[in-house]
């Protein structure tokens with residue numbers, strides 16, 4: 001089998017069609033406005049995370065270096081132990097760079113400055129204690145979203161770079177669920193779902209909302225199996241229609257809200273990454289429209305996607321390079 005490319009005959013090896021389909025799915029052009037919206041949310045979370053949520057990095061600057069245990073990243077890059085000056089530079093540098101990056105200017109430079117600063121700040125926190133696994137997919141977003149280049153909230157164009165960045169974030173987010181289930185079975189065995197795992201969690205850190213479940217422990221045992229099943233089947237989201245994808249994402253958000261209400265555990269950066277499955281550009285356009293109405297104006301509405309189609313097919317694909 002062969003195909004002609006630019007007047008030349010190119011041989012396609014057996015199985016090339018499958019590879020072509022996968023490549024087309026992985027690099028499917030997506031709206032630049034969606035990337036712009038996700039960037040704003042990602043950089044806003046960096047500010048909230050550094051200042052309010054994951055703040056343990058700052059006081060490690062006062063710790064005796066004897067407690068510093070370099071992770072693999074620190075060993076390879078020869079990163080020094082934290083100091084007060086270092087953590088303050090990383091903390092406020094992240095905030096300043098994220099605020100600047102939210103403007104959309106110099107997206108590659110500012111985006112990667114935020115990525116380096118935030119990852120290093122997390123490294124400082126994890127080098128003196130446990131490593132939180134809920135931040136892996138967030139690193140993928142920080143590393144890849146800047147590669148798209150210029151992207152604005154009203155930009156209706158599509159690009160393969162945007163499609164790849166969004167798809168990679170989606171894959172990382174789903175891998176967080178699937179690999180979590182694999183780790184449960186690998187390290188805890190099937191006893192993880194057949195023992196009192198959730199009972200122990202509620203006893204240790206349960207809220208009044210969850211304490212009553214200890215009186216009916218079969219509900220917690222049943223929930224362990226439901227959670228395992230949901231994590232193992234999480235990749236199914238890639239085969240669903242847009243409507244059902246939104247519903248699945250909504251279901252995961254409800255699950256995380258219930259988990260936080262029951263045992264005060266939340267995977268905040270992971271929740272931000274799940275937004276990559278949603279048509280964020282539509283929500284941003286709706287918010288602009290509502291804001292325009294509040295101001296008493298008549299906002300100009302750009303091309304609206306056909307809601308009966310997949311978002312990847314709603315607008316014509318326009319080649320975009322070096323944007």
(request) Kindly express, to the nearest 10 degrees and within the range 0 to 90, the angle between helix 32-48's C-alpha long axis and the longest C-alpha principal axis of the chain. (result) 20 degrees
(request) Using a/c under 1.5 as the rounded threshold, could you call the range 28-288 rounded, prolate or oblate? The axes a ≥ b ≥ c are square roots of the C-alpha gyration tensor eigenvalues, and prolate needs a/b larger than b/c, oblate otherwise. (result) oblate
(message) Please give the Cα centre distance for the range 145-182 versus the range 55-85, rounded to the nearest Å.
(response) 31 Å
(message) Could you work out [θ]222 nm for the chain from helices alone, using -39500 (n - 2.57) per DSSP H run of at least four and dividing by all its residues? Round to the nearest 500 deg cm²/dmol.
(response) -18000 deg cm²/dmol
(request) Specify the angular offset, from 0 to 90 degrees and rounded to the nearest 10, of the alpha carbon long axis of helix 242-263 from the longest principal axis of the alpha carbons in the chain. (result) 20 degrees
(request) Report the FRET efficiency, 1/(1 + (r/R0)^6), for residue 221 and residue 131, where r is their Cβ-Cβ distance and R0 is 25 Å, rounded to 0.05. (result) 0.30
(message) Let's test the formula: R0 of 30 Å, r as the Cβ-Cβ distance of residue 72 and residue 288. What FRET efficiency results, to the nearest 0.05?
(response) 0.10
(request) Assign one of three labels to the range 100-157, namely rounded, prolate or oblate, based on the Cα gyration tensor with a ≥ b ≥ c the square roots of its eigenvalues; rounded applies when a/c is under 1.5, prolate when it is not and a/b is larger than b/c, and oblate otherwise. (result) prolate
(request) Note the angle between two axes, namely the Cα long axis of helix 217-232 and the longest principal axis of the Cα atoms of the chain, as a number of degrees from 0 to 90, rounded to the nearest 10. (result) 30 degrees
(request) Could you work out how far apart the two model spin labels at residue 195 and residue 260 are, taking each label as a point 7 Å from the Cα in the direction of the beta carbon, and quote it in nm? (result) 2.9 nm
(request) May I ask you to compute the full-extension gain from residue 147 to residue 175, defined as 0.36 nm times their residue separation minus their alpha-carbon distance, rounded to one decimal in nm? (result) 7.9 nm
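We did not get these values from a lab; they are worked out from the coordinates using the rules stated. Because the structure is a prediction, the values reported are computed rather than measured. Cβ: placed from backbone, ideal geometry, glycine included. Neighbour counts: every protein chain shown.
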